[in-house]
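Let me begin by presenting the structure, written as structure tokens, before commenting on it.
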Amino acid sequence: MIRNARRVLLALALAALAASLGGCHHRAKIVDLQNESLYEQGQKMLDKRHFLESIKVLGDVGMNAPVSEDLDPLVKLALADAYYFQTGSVTLVEAQSRYEQFLNFYPLHPKARYARFMIGVCLLDQADSPDNDQEFSLKALNHFQAMVDELPADDPFGRAARSMLLRAQDRLSEHEWIVGRFYLEKKHLEGAAGRFAELTDKYPGSRRRPQALYELATVRLALGQHAAAREALDRLAAEHPGSDWARKGAELKTAIPETAAPAGKGATGR
């Protein structure tokens, strides 16, 4: 009798355990579906540009139970996007932090390149007016340059990074241009020459570069540095042929005195 009672109790215990496990699995499935439903709601709000509402809904994902490994990266990225597309410097900083968090957790995820690209976009969007310090423009330039160097030429995000790299160069070169013009107005020719030279050397993709090469030549000419002026105009003609600044440079070059030959050069020997 005792042995039979033990068998009955064991069978009841096993049945209770199976029911318990089945119930947990069922609840886990329900929670997973709830998380996925919240993510889909948040994504729809994001698509409709209801960014604050999207953030609230996406923030509820995982409140009742851990998020699945497949869903978690998508939620993190959607939250980063929602913060980015809001206006304001605070949300830009938050968005950048969340894109960086995504990369830290999922560096090999198929959308990792997108997150990396958006970090650079956040940096460039935080850049101040070209009249002011360009710390963030420089960070963005270095970020996109690294992407261009590492990604294949035909990679979509490599191409996008090249485009953003040119934008960063334009922003930085405009800063150099403004400071160079300021020096020029103050008759500080050496300072102006230094800024124009830095612009032309560091930012080859800048739209301001042909004009800066021309201005560099005029400043070098005013300083009596004829060889340096001619060199700047030669670069202008070679690197920006057909431009209005190249045509102006050709006219200016005719006004540069020929540098006298060193003593003894060309003399015939006896």
What do you reckon, is F51 out of contact with any Pro (no Cβ under 9 Å at 6 or more places or on another chain), more than 17 Å from M147 (Cα to Cα) and touching a residue at least 24 places away in the same chain (Cβ under 8 Å)? yes
Of the residues in the stretch 75-91, how many are crowded, with 20+ Cβ neighbours inside 10 Å and touching a Lys or Arg at 6+ places or on another chain (Cβ under 8 Å)? 5
Of all residues in the stretch 125-164, which are basic (K, R) and either surrounded by 19 or more Cβ atoms within 10 Å (Cβ to Cβ) or under 18 Å from Y99 (Cα atoms) (or both)? K139
Residue under evaluation E53, criteria (1) in contact with a Leu (Cβ under 6 Å, 6 or more places away or on another chain); (2) over 23 Å from P110 (Cβ atoms); (3) at pLDDT 90 or above, criterion not met: (1)
For the stretch 202-216, give me each residue that is over 16 Å from S243 (Cα atoms) and open to solvent by less than 30 Å² (accessible area, probe 1.4 Å). Y203, L216
Can you pull out every residue in the stretch 97-149 that is over 14 Å from the mean Cα position of the chain (by Cα) and within 16 Å of Y83 (Cα to Cα)? R98, Q101, F102
Identity of the residue in the stretch 124-140, more than 17 Å from G180 (Cβ to Cβ) and either among the hydrophobic types (A, V, I, L, M, F, W, C) or in contact with a His (Cβ under 8 Å, 6 or more places away or on another chain) (or both), that ends up modelled with the lowest pLDDT: A127
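The values are calculated or read from the model by the stated rules, or taken from the named source; none is laboratory data. Being a predicted model, the structure only gives us computed values, none of them experimental. Here Cβ is always computed from backbone atoms with ideal geometry, including for glycine, and neighbour counts include all displayed protein chains. Ligands, DNA and RNA are stripped out before the accessible areas are found, and what is left, the full protein with its side chains, is counted by its heavy atoms. Shrake-Rupley method; radii C 1.70, N 1.55, O 1.52, S 1.80 Å.
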